Amino acid sequence: MAPPTTYTPPPLPTPFNNTHPAPTLLTQGAEARLYKTTHLTPTTPAALKVRPSKPYRHPILDRRLTRQRILQEARCLAKLVREGVPVPALLALDWEGQGAGNAHGGESGIGGAWLLMEWIDGLVVRVVLERWERLVRAEGRISGVEEERVRDFMRRIGNSVGALHRAGVVHGDLTTSNLILRPASPGTAEAEEEDGRVDMDGEVVLIDFGLAAQSAQDEDRAVDLYVLERAFGSTHPHTEQFFEEVLKGYRESFKAAATALKRLEDVRMRGRKRSMIG
Amino acid sequence: MSALETISIPHLPSSMPVHVALYRDVKNAPFLRQQLISGNADFEYALIDASMVLSRTHLLTAVFRAANDYLNGRLKSRNIHSEIVFSFSPTNNIADSFRKFGIADSTTDLLLVKVSVTPEITHDSVAAHLNQSIEGTPAPFDNETLSGISDVSKIKKVYKLGALGSSNPKKAAGVVHDEMKQLELSVIGAIALRGAT
């Protein structure tokens, strides 16, 4: 048996096997790998999402699912950019992946669809809130000014989710890890709070549309909000009391928000699994 | 003086640089178009009406889409250069894409693209050929020059982005720069999604 070697990530699909410098792997999920790379010039950063083929699936089914899912995500992103919703723009896409162009339909099974997106600078909201909670614990109290800053931040989260829903898209996995606070002035994001404050200025950008769908139904919208509410409750217990501000920001952002919020009350009672009607 | 710029796109093989030249006040567009129609191999370029191009990124996005389809053996048209013109299109109609984005007899601002798909195609060989074939004034291929050429309302129409920004009243301070950025990104999304069913 071979001795344990250093981990080498699976090969990148064409053309990113040419990319110089090579894309760096950021995270690996069950469905996709995320890399940081560049767009068409070396100075423009971009995010590359690769959906590798799954060898345990039948090749035809595998191609169909991969294609369907990457296209779903790409269509949502393109639509949201057109509607002016803060999301990473779709830059390039390949839903067939390498080897699929063969004469007999690519039985090689290499697969590997990819999607190139705009790079969003900033920290995920989860980290921003964790820093803020750490600060609150250290100081033992929340000043009025500090509370208003958090409330304003929460309202901006609600605004962004509202803009998403107004455009006719639901996210499907709204957590504080899928929201990025893009700082107003670039370069301030990475700086740890030094003056005893957590920077909360900037725009809340929604990311990871891997489970998103086009829908304008109150039920789907309410489930998005419910999932986000649960995420706040479980990961940021100190901020849970301010979640109402998210809903307030949401309510302000589009007309149909009121009925979605009404439906949220039902969803809270029964959980996100929809009732089996029809 | 040659106006030819040679660009290497980070994701393409280093042996595949992209040569781009912009000419203004082109006098011999009908001749160039005729070479294209007759299939003269010496004139195998992507000949693009520069008024349909918003920015460097817009052009490079189309080039990259064509190059990726080329590398994967999936060209829908004759060669990588015709595919670049086709790649600008939001629809699957090749002839239509040439009518909208390709050179016309009336074209005066012209973008030429040549990809080094064989080792014989070099910066010098392309520059020499352009110098003797194009009757026009070389101009720098930069966003400033392009923004003075591009016909934004025509581009919006072709990409069906006429309503862009109107559904976004929140941006009261929405400066022109932001609107152009949104248009560019919307166009890039349309190029990426062409042919998706």
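The values are calculated or read from the model by the stated rules, or taken from the named source; none is laboratory data. Note that the structure is predicted; figures quoted are calculated from it, not measured. Every residue, glycine as well, gets a Cβ built from its backbone with ideal geometry; the counts of neighbours run over all protein chains shown.
Structure above, values below:
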| item | result |
| --- | --- |
| Any hit, the stretch B:53-73, residues being part of a loop (DSSP other than H, G, I, E, B), modelled with pLDDT under 95 and out of contact with any Asp or Glu (no Cβ under 7 Å at 6 or more places or on another chain) | yes |
| Options A:R63, A:R69, A:R51: the member that is touching a Ser or Thr at 6+ places or on another chain (Cβ under 6 Å), closer than 23 Å to B:T197 by Cβ and among the basic types (K, R) | A:R51 |
| Filtered residues of the stretch B:95-126 (kept if part of a helix (DSSP H, G or I) and crowded, with 17+ Cβ neighbours inside 10 Å) | B:S97, B:F98, B:K100, B:F101, B:V126 |
| Those residues of the stretch A:123-153 which are surrounded by 11 or more Cβ atoms within 10 Å (Cβ to Cβ), out of contact with any helix residue (DSSP H, G or I) (no Cβ under 7 Å at 6 or more places or on another chain) and not in a helix (DSSP H, G or I), in sequence order | A:L123 |
| Test: residue in the stretch A:110-127 that is within 14 Å of another protein chain (Cβ to nearest Cβ), modelled with pLDDT under 90 and at positive phi | yes |
| Test set (1) at the interface with chain B (Cβ under 10 Å from one of its Cβ atoms); (2) surrounded by fewer than 20 Cβ atoms within 10 Å (Cβ to Cβ) - A:I70 fails condition number | (2) |
| Residue count for the stretch A:235-258, restricted to those that are within 17 Å of A:V136 (Cα to Cα), of a type outside the set (S, T, N, Q) and surrounded by 15 or more Cβ atoms within 10 Å (Cβ to Cβ) | 4 |
| Condition met for A:T19 (polar (S, T, N, Q), within 14 Å of chain B (Cβ to nearest Cβ) and within 24 Å of the chain's Cα centre (by Cα)) | no |
| Neighbours by Cβ (under 8 Å, 6+ apart or cross-chain): first from the stretch B:7-27, at positive phi; second at pLDDT 95 or above and assigned to a strand (DSSP E or B) | B:D25/B:T137 |
| Exclusive hit being within 14 Å of chain A (Cβ to nearest Cβ) and within 30 Å of B:Q182 (Cβ to Cβ), set B:V18, B:V85 | B:V18 |
| Residue match in the stretch A:36-47 (condition: surrounded by 23 or more Cβ atoms within 10 Å (Cβ to Cβ) and closer than 15 Å to A:G97 by Cβ) | no |
| Only listed residue being within 22 Å of A:V124 (Cβ to Cβ) and within 17 Å of the chain's Cα centre (by Cα), chosen from A:T44, A:T38, A:T27 | A:T27 |
| Test: residue in the stretch A:164-187 that is within 18 Å of A:V85 (Cα to Cα) and at pLDDT below 90 | yes |
| Only listed residue being within 14 Å of chain A (Cβ to nearest Cβ), surrounded by fewer than 23 Cβ atoms within 10 Å (Cβ to Cβ) and out of contact with any Leu (no Cβ under 6 Å at 6 or more places or on another chain), chosen from B:L71, B:L60 | B:L71 |
| The listed residue being within 29 Å of A:E118 (Cβ to Cβ), surrounded by 18 or more Cβ atoms within 10 Å (Cβ to Cβ) and of a type outside the set (G, A, S), out of B:L32, B:L22 | B:L22 |
| Selection within the stretch A:203-218 - assigned to a strand (DSSP E or B) and either more than 18 Å from A:R155 (Cα to Cα) or touching a His at 6+ places or on another chain (Cβ under 6 Å) (or both) | A:A213, A:Q214 |
| Qualifying positions in the stretch B:34-52 - part of a loop (DSSP other than H, G, I, E, B) and polar (S, T, N, Q) | B:N40 |
| Residue, nearest to the chain's Cα centre (by Cα), within the stretch A:47-68, restricted to residues that are charged (D, E, K, R) and under 25 Å from A:T19 (Cα atoms) | A:K49 |
| So A:V161, is it out of contact with any strand residue (DSSP E or B) (no Cβ under 7 Å at 6 or more places or on another chain), crowded, with 16+ Cβ neighbours inside 10 Å, over 30 Å from A:K54 (Cα atoms) and modelled with pLDDT of 95 or more | yes |
| Residue check for B:R78: of a type in the set (D, E, K, R) and more than 10 Å from every other protein chain (Cβ to nearest Cβ) | yes |
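Per-residue answers, yes or no, for (1) at pLDDT 95 or above; (2) farther than 30 Å from A:S185 by Cα:
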site	(1), (2)
A:Q214	yes, yes
A:H238	no, no
A:A258	yes, yes
A:I277	no, yes
